[in-house]
Amino acid sequence: MYKASFRERLMLVFLCGLAYFLMDVPVQMTGILPSFAGIKNFLPSTLGLFFGLYGVSGCIAGCILSALLVNHSVSAVMYECVCIAAVGLGMFYGWHFRNSDHRIHFKARRDYVRFTVLLAVLSGLCCDVRVSLAYFLTGLFIGVPVNILLSSLLYVEPVMPRGCSYEYDAVFCLMNGADSLDDANEMIESSALGRGITMKRVFEIQSCLEEILIRILKAVPDARVHVMLMFGDAISARMHYEGGKYNPFVIEKDEDDIDIMSLKIIKHRALRASFVYSEGINKIHVVV
């Protein structure tokens, strides 16, 4: 399973804090609504669920920075920080408690029930009816759609509690040679059937991976492309390979029509695709 570096975790705290700050400041500066109100209240349950202590720390930092600009009392800021910690960390540990696969998804009714019950209980810890309702209603009506977006289309890698992890559905390596792709396709089919994925969806991810592999190996013939698949509402494929920077989603000047067609096939199959180059490693994430 992917482990974030210290820099990535620090960036995660910063982004979570920035999101809370930008959602809180405009509301606070108008003075129309009380300090506890605003769409910011869905962030602790959502960012806490996906990013644990890092998401909660970011929300608290954003809260403090916002309070400095609008001159809130120390007691009000402390109360809000306690509510953020209670809702965010409670959602994080409550979701993973006695959860065997530790995945965050909203595919079945029990997923919605678990989230709603946790949100109701944790919101009640704020000990103020108005504040509790603010956390519960925003978490339910704004947080749930955002959670679905993060766990399906964006397919973010969630932070896990210490001692917890989940396994990818299929892990393999692709390289030059016919057997490499054939073996990978067999592994995809067998693991997909175990998760109830239809053959139509299997073909979509197989064809998408094949086109990406063709483009990579044409530019970097000796590349060893490591692939990690996860099946859910969508199919997530994380790929990485060492070497010089090469983005397979960019059309080069000397590419012919066949090469351009392969890129169009990828764009047609994939819901989203991203590329990052860091420390000599090309990282690709494709959601189909």
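The values are calculated or read from the model by the stated rules, or taken from the named source; none is laboratory data. These numbers come from a predicted model, not from an experiment. Glycine also receives a Cβ, built like all others from the backbone with ideal geometry; neighbour counts cover every protein chain displayed.
Residues that are touching a residue at least 40 places away in the same chain (Cβ under 8 Å) and within 15 Å of residue 207 (Cβ to Cβ) within the range 270-286 comprise 270, 271, 286, listed in sequence order. Taken residue by residue, the range 257-268 has no member that is surrounded by fewer than 16 Cβ atoms within 10 Å (Cβ to Cβ), among the acidic types (Asp, Glu), under 25 Å from residue 167 (Cβ atoms) and not assigned by TED's automatic domain parsing to the domain that holds residue 102. Taking the numbered list (1) outside any strand (DSSP E or B); (2) within 26 Å of residue 104 (Cα to Cα); (3) of a type outside the set (A, V, I, L, M, F, W, C) in turn, residue 215 passes all entries but (2). Residue pairs whose Cβ atoms lie under 7 Å apart, separated by 6 or more positions or on different chains, with the first residue in the range 124-150 and closer than 16 Å to residue 48 by Cα and the second surrounded by fewer than 17 Cβ atoms within 10 Å (Cβ to Cβ) and modelled with pLDDT of 95 or more, are 136/120; 140/116. Restricting to the range 186-203, what's the tally of residues that are in a helix (DSSP H, G or I) and either surrounded by fewer than 17 Cβ atoms within 10 Å (Cβ to Cβ) or modelled with pLDDT under 85 (or both)? Residues in the range 186-203 being in a helix (DSSP H, G or I) and either surrounded by fewer than 17 Cβ atoms within 10 Å (Cβ to Cβ) or modelled with pLDDT under 85 (or both): 10 in total. Summed over the range 114-145, residues that are hydroxyl-bearing (Ser, Thr, Tyr) and either within 17 Å of residue 96 (Cα to Cα) or surrounded by fewer than 17 Cβ atoms within 10 Å (Cβ to Cβ) (or both) total 1. Remark: pairs (first residue in the range 213-227, under 18 Å from residue 250 (Cα atoms); second residue of a type in the set (Asp, Glu) and part of a helix (DSSP H, G or I); Cβ separation under 8 Å; 6+ apart in sequence or on different chains) = 215/259; 218/259.
Could you tell me which of the residues 118, 122, 89 is more than 26 Å from residue 230 (Cβ to Cβ) and modelled with pLDDT of 95 or more?
Working: 118 fails: more than 26 Å from residue 230 (Cβ to Cβ); 89 fails: more than 26 Å from residue 230 (Cβ to Cβ).
Selected residue: 122, the only one of 118, 122, 89 that is more than 26 Å from residue 230 (Cβ to Cβ) and modelled with pLDDT of 95 or more.
If you check residue 148 against the conditions, is it assigned to a helix (DSSP H, G or I), within 25 Å of the chain's Cα centre (by Cα) and buried (at least 19 other Cβ atoms within 10 Å of the Cβ)? So residue 148 does not fit the description; no.
So which of 163, 232 is without any contact (Cβ under 8 Å) to a residue 12 or more places away in the chain, within 30 Å of residue 56 (Cβ to Cβ) and either in the same structural domain as residue 281 (by TED's automatic domain parsing) or exposed (fewer than 15 other Cβ atoms within 10 Å of the Cβ) (or both)?
163
Scanning the range 239-256 for residues that are in contact (Cβ under 8 Å) with a residue 40 or more places away in the chain and surrounded by 19 or more Cβ atoms within 10 Å (Cβ to Cβ) returns 239, 241.
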